Every structure is written in structure tokens, then in C-alpha cells.
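S.K.: Just passing along the structure, written as C-alpha cells.
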Amino acid sequence: MKKIFFALNILLCTSLLSQTTSGGPDNFGYTYKSSAHPTGPTYQWFDITTIGTIVSGLADDNFVGPFSMSGFPYYSTNPTQFYVGSNGYISFQPVNIASSNAQFPAMPVIGVPDNYIAPFLTDLTFAGNASNPGIAYYYNQGDTICVTFEKVPFWTNNTNQYSGDNTFQIILN
């Protein structure tokens, strides 16, 4: 009985630790809190489907841009443009983050641009047949940038080359 309790306790602790809702500070003093954290921000979806611009040209394992933005402090820089990556990220330099042999590279990689925000970095695709529901939008209101990934499926090795759908967004404010 003690062994079963110990195993369940380890499983529970591992499960709780893998769902981190806050962290930091990093070497620059930045911290984060998700909306799941007790003192985190209130979750509120920002619907830009009618006011945003469709991000054209996304496919499988690619990025498009640049799109202009007002100077937004990001660590020691103030980027004035961003790129949208098909695998669930935005970057402030032209960089393609793609999987190789079913995994993404370790981050950060020395000598590779590392100024990106990747809320859902995984093998997504906008490619496949015409019924792929994936679409991305961006909206620039000066002090707010929003990028929405809507119904973007995972890349899978099947007839359609995709399955499922994922909807998430990045809001810089």
C-alpha cells in the first residue's frame, strides 16, 4: 500500500509541476504569470477576425513578414517589425523555427536569432488541401499588437497532411 501511495504522490507532484503558471525572474528581471495563476491577468479573448488583417503565405514550416509595429520594449531592443511563424510563434528577426526528425531544436541555439515569442511552438501547418481550416490574423493599433492563430491543425502524416485544430493568440500591449 505504501508503494502505491508513493507512486501516486510522485505522479501528482510531477503533474502539478508540469503545469507552471508563473516563473522568473530571468537574467534580465522578466517574470510571467498566466491567466491560470491566482494573481495572473484576467483571460479575455480579443476577437480581431473582423478588424485584423489576414496573414497570407503561411504554409508548413515557414514564416512571413515583416509586419510593422511601434517600438515595443523587448529585453534590450525596441523592435519595429515582426514575423509570423506557421509553427505558433512570432519573431522580431526573420527566423524559421521548424521541427526536424519529429522534434524542435533545443532553445536557445547559439548563433541563431532568439528574439521570438512562442506561446504554442509545435508542428502546425496551414498547408494541405483546400479544406485546411487554419488562418492567422494580425492587428496593429499602435500600443497593441495582436496575432491570432485560428483553427490551425497539427501537421500529421495522413491523407490531408493535418488533423485537429488549435486557436490561440499573442497580445503585446
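S.K.: Restricted to region 26-67, and to residues that are surrounded by 11 or more Cβ atoms within 10 Å (Cβ to Cβ) and of a type in the set (Ser, Thr, Tyr), which residue is nearest to residue 114 (Cα to Cα)?
M.R.: Per the stated criteria, the residue is 30.
S.K.: Residues in region 97-117: is at least one among the polar types (S, T, N, Q) and either modelled with pLDDT of 95 or more or outside any loop (DSSP other than H, G, I, E, B) (or both)?
M.R.: yes
S.K.: Find the residue count for region 147-168, including only residues that are surrounded by fewer than 20 Cβ atoms within 10 Å (Cβ to Cβ) and touching a strand residue (DSSP E or B) at 6+ places or on another chain (Cβ under 9 Å).
M.R.: The total comes to 12.
S.K.: Now, a different point. When the residues of region 71-111 are narrowed to those that are under 15 Å from the mean Cα position of the chain (by Cα) and among the hydroxyl-bearing types (Ser, Thr, Tyr), which ends up farthest from residue 139 (Cα to Cα)?
M.R.: Selected residue: 99.
S.K.: Another question, if that's okay. Output the residues belonging to region 95-108 that are of a type in the set (A, V, I, L, M, F, W, C), more than 20 Å from residue 20 (Cβ to Cβ) and surrounded by 11 or more Cβ atoms within 10 Å (Cβ to Cβ).
M.R.: 95, 97, 98
S.K.: For residues that are assigned to a strand (DSSP E or B) and under 18 Å from residue 87 (Cα atoms), tally how many sit in region 129-162.
M.R.: 15
The values are calculated or read from the model by the stated rules, or taken from the named source; none is laboratory data. All of these numbers come straight from a predicted model, not from anything done at the bench. Backbone-built Cβ (ideal geometry, glycine too); neighbour counts: all protein chains shown.
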